[in-house]
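Worksheet: one structure, shown below.
The values are calculated or read from the model by the stated rules, or taken from the named source; none is laboratory data. For clarity, every value in this text was computed on a predicted model and none was experimentally measured. Heavy atoms of the whole protein, side chains included, go into the accessibility calculation; ligands, DNA and RNA do not. Shrake-Rupley method; radii C 1.70, N 1.55, O 1.52, S 1.80 Å.
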Amino acid sequence: MEKGAPAEPEKETQVDLGKLLNVTVVVSAKDGRRFRGKLTQYDAHMNLVLEEVEELPQEGPAAKHKLVLIKGGNVSSISV
Amino acid sequence: MEKGAPAEPEKETQVDLGKLLNVTVVVSAKDGRRFRGKLTQYDAHMNLVLEEVEELPQEGPAAKHKLVLIKGGNVSSISV
Amino acid sequence: MEKGAPAEPEKETQVDLGKLLNVTVVVSAKDGRRFRGKLTQYDAHMNLVLEEVEELPQEGPAAKHKLVLIKGGNVSSISV
Amino acid sequence: MEKGAPAEPEKETQVDLGKLLNVTVVVSAKDGRRFRGKLTQYDAHMNLVLEEVEELPQEGPAAKHKLVLIKGGNVSSISV
Amino acid sequence: MEKGAPAEPEKETQVDLGKLLNVTVVVSAKDGRRFRGKLTQYDAHMNLVLEEVEELPQEGPAAKHKLVLIKGGNVSSISV
Amino acid sequence: MEKGAPAEPEKETQVDLGKLLNVTVVVSAKDGRRFRGKLTQYDAHMNLVLEEVEELPQEGPAAKHKLVLIKGGNVSSISV
Amino acid sequence: MEKGAPAEPEKETQVDLGKLLNVTVVVSAKDGRRFRGKLTQYDAHMNLVLEEVEELPQEGPAAKHKLVLIKGGNVSSISV
């Protein structure tokens, strides 16, 4: 499927979150909450810092936060 | 069961996800969600990046995402 | 209970899955699903690759998959 | 998206909690409780020490604590 | 409570499962299932291999298995 | 906020439980139980030993224990 | 609070279970079960071996076991 030299070019120790820096993402958390905001920091544990955040409720209006740090262990998925 | 020389050829530190790169897979997540998309990145924690993703609901229409990163700890199974 | 010389011959760092390679097994997963298929790969995290897989539902017909990778952390038991 | 020299300036081994020291934060815990207080200590496991703490109940009045140590494994998110 | 020389003779890196090898034990698993069988293998993760196994249901007849590997992370207790 | 030389004086590998030694604390456990007692030992896993302990029930009278060791993995928070 | 020389005498890598060896303890497990028995072995993962064990049910008579090994990951607390 891969062609040529690149020996396992994708198998990094960590998938690349760099492309999502400063991008508005939606983070689904294990505790059922969802957050939409700009990804401004991450680390190897997938701890994430979002800024200008809307917490998207199941129903009703979104709560707003200046900054939310979501613990890596609480991250289920990040979507764009 | 094995014949001849191959000394534990299968017992790698990580099962081989390379064959699934750029293949459309279905990922079942611990949080009950299911995603169908093209696997474009993975790492040793089994963090997965899918592109051109459909989130398959229990019922109703599928939500679409350009890209979804599913945390390794949230992956239950990957099927083809 | 053991007699003679064998100094802890069974206490390996990993129980031996090699004997189950290419054997049809039933895997019970933490998420409640059960899979029957041929074990074709495994690793030290007990990530398992089954081929020619039936997903055994609580009721109704079995779903079929060409290949299923079950995350080690989602494995409860493997039976023969 | 990044321009120029900064090679992965954000990918630290740990996102930076230093900016939140002595700031009043809201911590959402896995066990469903929420705490508002001044962050006075943290460590690499994201164990957090809050002082002058209000435990925010789903309903009814807030309980007050002089100091609460929240185990890292129990932290879901920190918001400002 | 201990008398004399034995400096912490019990504090091993792993409690001794060796005495239970080839003994019929009952394993209670986290997923609520219980298995009675002969312990034939174990490892440092407490992955267990039972042979000649009865899966003891809450009610109704016991299912029988030739061999069951129970993942260490799914083991709650082993009793004799 | 910190003054002078101390570079990241708070970011220890472990938040400081030493100040709470011999102090009466309330420990909230993951399993929903709460304990009030004097903290007499702790370790890097946040395993805690309380002495002269009251187990605080949701309702009804408190059970008393001479000593309770609470596993670090079962600790949600410690409050004063 | 501490007086004199003892520099962090309590902060061991593991709280001391040695004092509880051969003592009758009650172990509360994550899976909701409780066991009363004599602690005869433990290790760094807090795997525990109890002998002469009563499994204390929510209601009804206690089940008896000659020996129970409780997996460290299933231990919530140990009380005396």
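With all protein chains present, calculate the accessible area of B:Thr24 using a 1.4 Å probe and round the result to the nearest 10 Å².
Looks like 80 Å² after rounding.
So for D:Lys30, F:Lys64, what's the accessible-area order with a 1.4 Å probe, most first? It would help to have the intermediate numbers written out before the result.
Working: D:Lys30 110, F:Lys64 155 Å².
Ranked list, largest accessible area first: F:Lys64, D:Lys30.
Using Cα centres only, tell me the gap between segment D:30-51 and segment F:22-68 in whole Å.
Value for the Cα centre distance between the two parts: 19 Å.
For F:Gln41, which sequence-distant residues (separation of 5 or more, or a different chain) have an amide H within less than 5 Å of its own amide H, given hydrogens modelled in the peptide plane?
When sequence neighbours closer than 5 places are left aside, the close amide H contacts are F:Val49.
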